[in-house]
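Bear in mind that the values in this text are calculations on the coordinates, not laboratory data. All figures in this text were calculated on a predicted structure; none of them were measured in a lab. Virtual Cβ from ideal backbone geometry, glycine too; neighbours counted across all protein chains shown.
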Ligand SMILES: Cc1cc2nc3c(=O)[nH]c(=O)nc-3n(C[C@H](O)[C@H](O)[C@H](O)COP(=O)(O)OP(=O)(O)OC[C@H]3O[C@@H](n4cnc5c(N)ncnc54)[C@H](O)[C@@H]3O)c2cc1C
Ligand code: FES
Ligand code: FES
């Protein structure tokens, strides 16, 4: 089936099998490997992308269903300069192996769009569909809060 | 993990969707949020031949306060009912349950109606709907019927839809008096299904007696279980901790949990007992205008 | 009390003690990491593995014709085919052999039986349904107790194997220990199962094997924590010339011990690439990761302490029955069959200990990897810290006082433990004092005394662990014969910038930053001017890899030493440049100056330039070196963790309401990174104490084989931690560092469990095994045997 998906602002057309998962479409068809795969059961959020601005798990959506929609991946965060979330994850040691990081940042972005000064618990709640095996989350929470403060400061 | 191949249909209108479902009959399956269906396909536990994707039927993405009831369209996502004013005023039980269904990202995609149609006995929504006396609107090319939730939920992953029919709306009746409700769920972590959960609902008459009551249980029987006997014990009575304890004991006795890695049956019964008491107390406090 | 080591370098130089931001992060935050699954080679094929649905069965036949006929399927590989290449079996890291693809029997659910190679991963997965295996089911042996009692042999292919015993081992002195127990005033005992658990890094295991049919060059992109050792093993297993094998371990999405062994999938993919002449990618799914690759723990432990009338510990006994699964595949030093479990005497001063261990084969996946742990130190630490707490409760003494009474004192270091370790340094009382202060220990005890007995129950748990890490001195430590040294090669370029190449391999620990900081400390070259390269066997010196917290103690020491070697050469060059005698030169960060005339100096950058442009006659040009570091001893990080929990009596759930972790890992190279390791480890510990485990039903079906059932905590459940530190440098490590990647995983589980048991002690509860699931707590409170 022929689909057109706007990825990070650019329309991408492709002819794909209906069963192709959105995550595989992004990773193999488009060669954008910042979106990761960490599980089989929609549990980990390593595959998180923003679908029309809302975070979803791209391993649990068919690419054909994204036809006509906008998808943002980690590759689209940087806009000339690093996004405040990218800066704050670096500055607050919000990542270790980096495997969960794209998902965490994208969920953070959606959260901060609604609320630039979330509490510790609000951040934890927002990222509770995303697993991290390295950091123990402490610094991910800090990073998202710090990015909120930076965005607010601007 | 890769799903098996299928034929994909993406209707642009409800009529088109219904015709396609009619045409495919037994071989057609609705794809709503995909948050149950796609994981099952990836694990090769489901291999539908045709999927009719209803995600373009954006007209069905509503949560409305209609006359007499709260109406949830087939494309309303779980997230749409979290922190929603209509939901909070009309169905406190639903409002209480919404944040505890799955995880935030799954809630952004999965639908309330899809979850109800799925009839997973560990799913949360059917207990809520049984407690509040909801109805399911089923639509096909030959028209609509309104199915009381008790008749809709048949068993373990089985609903009473006919071939060619799909769920288009869920209706939750407005309480007649001052009402309260709660959904108490024991889960091991965010994203976990319930080990056991209890939906409670109380509607109070002006004299403070219970005019309507709902109690339904999750994950402790082969389907979500409405405990009519316990509800009946409450109706017409003045609520009290003793009365709640009696109802809770009935609920605990009514369920039939399995012993598994989440605990032995008697543990799950004890949780049902405790949560029914707590849930009714919360519902009461809310109905009486106190803190929930 | 000591606090963070005061940096001797400026922040710009970024030596030891500075929280330098990580150099690796730029690529990760932009989604530009390069993990194994991101690698795409021309003509690459995809592999999927067919696994056994049953735990124990004889294979009567395999029919793959339907799969072979499917469009897009290139080949189906079976054990019978591998036998032709002598590849059906491979050695494990513990000297056993393991099936690559099963030929005679399957011995656990999830065991590799056949593999499909196809043009597309979706097709490879589809084709698995076209392979039919005829199984004759056998009795499944699911516990080590059952294994020792039954006649059924799991390893009937092994010549001379007459029972299901995988190994036996002991440490310490039985006679002295017997005497201590005979004289004891009180004996405190505990039986406990440390359950099977899985490291489950967020990235699963996988490889892309690329055998060039013309040159014979074998390049394997591998999720490997130990690329050099893996190269050697590949050479030995496959009989390939080692110089033609190149292992590239690119960015690794977490390891935690899971990526230390060699798995059948790697071997099959490589064999397939060899035969087909095309690159083959295999990336396992999460379920495959959990059911078949290296698990951790699964120790059934019985321990006892002998106490005298003054409540001093005089002796310890520990007996272990370990569940090895179907193959003995522990990743551990070959001399120590129960890893470093004999560190189980912990932080306490007593002279008698005896440890016995026996391993049993069962119909479960093999593994026994050091899951964020230095070879069974986690189990050991858990046992002694549970015992110490139990002893205090039985005596009726405050558990912190009991520990303080029995701690090894600061002045007793180096301390010789009764099982043969020489602890390098420690200040256990210091860590305890700080932890108590930070959490307001007395305040919590007060709250506990005044609690409502019908409300939530407060429990306070302590663990004062001692770890042994940094394997290790080559006289005692090797893995499959390879001595456990590690290496660093440093090249300083004419412009004063440098490349550091290491034998270890980061999986998220931030080596690109930390190791550059060590060079910055030693030579004054800014950390940001130093590129760190790891994980490519063609381009880095030989080393044993990263696990068991050995990178800083061994690889870090090698880095210091090579930098010091170059500093000595730099001194000669400086003498030449300053026209002074070497003895008259003084080193201070980044420069040599003439003693007494500090205005006469040359910087390390000047010296580097001279090394290539103006070196004295007779001296070799360049400023490069390599060092293989053989540690003189292990390092012994320690700490005290205090946890406060509240328990809901109705449903048995418990919540951490306060927690302090005081860690002493010696000198902290990058405090920010160290703290990140600690919060990560505390979360792992919590996971194991609270929810994370793998169990099996009586037929050997794995329960907990994906992230819906194998529970990994989210940010929501994870406790909030307060961190404290003391600094007791390691006297034998060049910069005094000890290694910290695992302390918190090792130390914290006992603290959580002690807290729950403390809350329930007055209700007659003396033990609950991990994970302390709500139903187990409820069962303990209500006298119901709430298995599993
Ligand atoms: C990680 C994870 C955790 C979860 N945790 C929970 C939880 O705690 N509690 C819980 O209740 N659920 C949970 N779920 C399930 C989730 O709520 C799903 O969204 C829901 O069960 C199905 O809704 P859907 O819209 O995604 O339906 P789909 O997956 O698209 O469909 C499910 C089934 O319903 C049918 N169907 C869907 N819509 C209709 C319709 N309008 N008419 C007729 N048939 C229809 C489909 O054909 C299919 O058979 C979880 C899911 C995941 C992935
Ligand atoms: S890969 Fe999508 S949720 Fe895990
Ligand atoms: S940083 Fe490794 S999983 Fe989060």
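Using 1/(1 + (r/R0)^6) with R0 = 51 angstrom and r between the beta carbons of residue C:630 and residue C:449, what's the FRET efficiency to the nearest 0.05?
E between residue C:630 and residue C:449, to the nearest 0.05, is 0.45.
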**Request:** Using only the Cα atoms of the stretch B:129-258, build the gyration tensor, take square roots of its eigenvalues as a ≥ b ≥ c, and label the shape rounded, prolate or oblate: rounded if a/c is under 1.5, else prolate if a/b is larger than b/c, else oblate.
**Result:** oblate
**Request:** Output the relative contact order of the stretch B:7-53, whole-number percent, from Cα pairs under 8 angstrom with separation of 6+ residues.
**Result:** 55
**Asked** If you build a Gaussian network model of chain B, linking Cα atoms that sit under 10 Å apart, which residue out of B:185, B:277, B:12 swings the most?
**Response** B:12
**Complete:** Ranked from fewest to most other Cβ atoms within 10 Å of their own Cβ, B:176, C:142 fall in the order B:176, C:142
**Alpha-carbon centroids, the stretch C:619-641 and the stretch B:174-252: separation in whole Å** = 65
**Asked** So what's the projected area for the protein assembly as shown, the Cα convex hull averaged over all directions, in nm²?
**Response** 49.5
**Prompt:** With r defined as the distance between the Cβ atoms of residue C:11 and residue C:395 and R0 fixed at 56 Å, what FRET efficiency is calculated, to the nearest 0.05?
**Reply:** 0.65
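Looking at the stretch A:2-76, send over the antiparallel percent of its DSSP beta bridges, to the nearest 5.
Values: 13 of 15 bridges.
Looking only at bridges with both residues in the stretch A:2-76, the antiparallel portion is about 85 percent.
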**Request:** Post the alpha-carbon centroid distance, the stretch C:659-710 to the stretch A:51-123, in whole angstrom.
**Result:** 25
**Message:** Antiparallel versus total DSSP beta bridges in chain C: what percent is that, nearest 5?
**Reply:** 80
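Using only atoms on other chains, find how many Cβ atoms lie within 10 Å of each Cβ of peptide A:24-32 and report the average. Spell out each step's value before the answer.
Numbers: counts 4, 0, 0, 3, 4, 0, 0, 2, 2.
Rounded to a whole number, the mean comes out at 2.
Once a ≥ b ≥ c are taken as the square roots of the eigenvalues of the Cα gyration tensor of chain C, is the result rounded (a/c under 1.5), prolate (a/b larger than b/c) or oblate (a/b not larger than b/c)? Provide the component values of the computation, followed by the final result.
Details: a/c = 1.84, a/b = 1.05, b/c = 1.74.
Oblate.
How large is the helix-only mean residue ellipticity at 222 nm for chain A, computed as the sum of -39500 (n - 2.57) over DSSP H runs with n ≥ 4, divided by its residue count, in deg cm²/dmol to the nearest 500?
-9000 deg cm²/dmol
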**Asked** In terms of the Cα gyration tensor, with a ≥ b ≥ c the square roots of its eigenvalues, is the stretch B:58-173 rounded because a/c is under 1.5, prolate because a/b exceeds b/c, or oblate?
**Response** rounded
**Request:** Could you give the spread of the C-alpha atoms of the stretch C:581-635 along their three principal axes, from largest to smallest, in whole angstroms?
**Result:** 42, 27, 19
**Fill in**
The distance between the Cα centres of the stretch C:442-498 and the stretch C:102-154, in whole Å, is 37
**Request:** Compute the acute angle (0 to 90°) between the alpha-carbon long axis of helix B:241-254 and the principal axis of greatest extent of the alpha-carbon atoms of chain B; round to the nearest 10°.
**Result:** 40
**Prompt:** Of the residues B:118, B:26, B:86, which exhibits the maximal mean-square fluctuation in a Gaussian network model of chain B defined by a 10 Å Cα contact cut-off?
**Reply:** B:26
**Asked** Can you give the angle from 0 to 90° between the axis of helix B:14-24 and the longest principal axis of chain B, with both taken from C-alpha atoms, to the nearest 10?
**Response** 70
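Counting DSSP beta bridges with both partners in the stretch C:120-272, what percentage is antiparallel, nearest 5?
Numbers: 5 of 9 bridges.
Just about 55 percent of them are antiparallel.
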**Message:** With an 8 Å Cα cut-off and a minimum separation of 6 or more residues, compute the relative contact order for the stretch A:2-76 in percent.
**Reply:** 41
**Item:** Residue mean of other protein chain beta carbons inside 10 Å, C:506-512
**Value:** 3
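What 222 nm value per residue comes from the helices of chain B, counting each DSSP H run with n ≥ 4 as -39,500 (n - 2.57) and dividing by all residues, nearest 500 deg cm²/dmol? Spell out each step's value before the answer.
On the way: 12 runs with 100 residues, N = 292.
One gets -9500 deg cm²/dmol as the mean residue ellipticity at 222 nm.
To make sure I understand, if each residue's beta carbon is the centre and we count other beta carbons within 10 Å, what order do C:733, C:393 fall in, fewest to most? Numbers along the way, then the final one.
Working: C:733 26, C:393 19.
Ascending number of Cβ neighbours within 10 Å: C:393, C:733.
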**Item:** Among B:197, B:270, B:79: highest mean-square fluctuation, GNM of chain B, C-alpha pairs under 10 Å
**Value:** B:270
**Message:** Given an 8 Å cut-off on Cα distances and at least 6 residues of separation, report the relative contact order of the stretch C:673-727 as a percent.
**Reply:** 33
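Helix-derived [θ] at 222 nm for chain C: sum -39500 (n - 2.57) over DSSP H runs of at least 4, divide by residue count, nearest 500?
Values: 19 runs with 210 residues, N = 788.
Calculated mean residue ellipticity at 222 nm is -8000 deg cm²/dmol.
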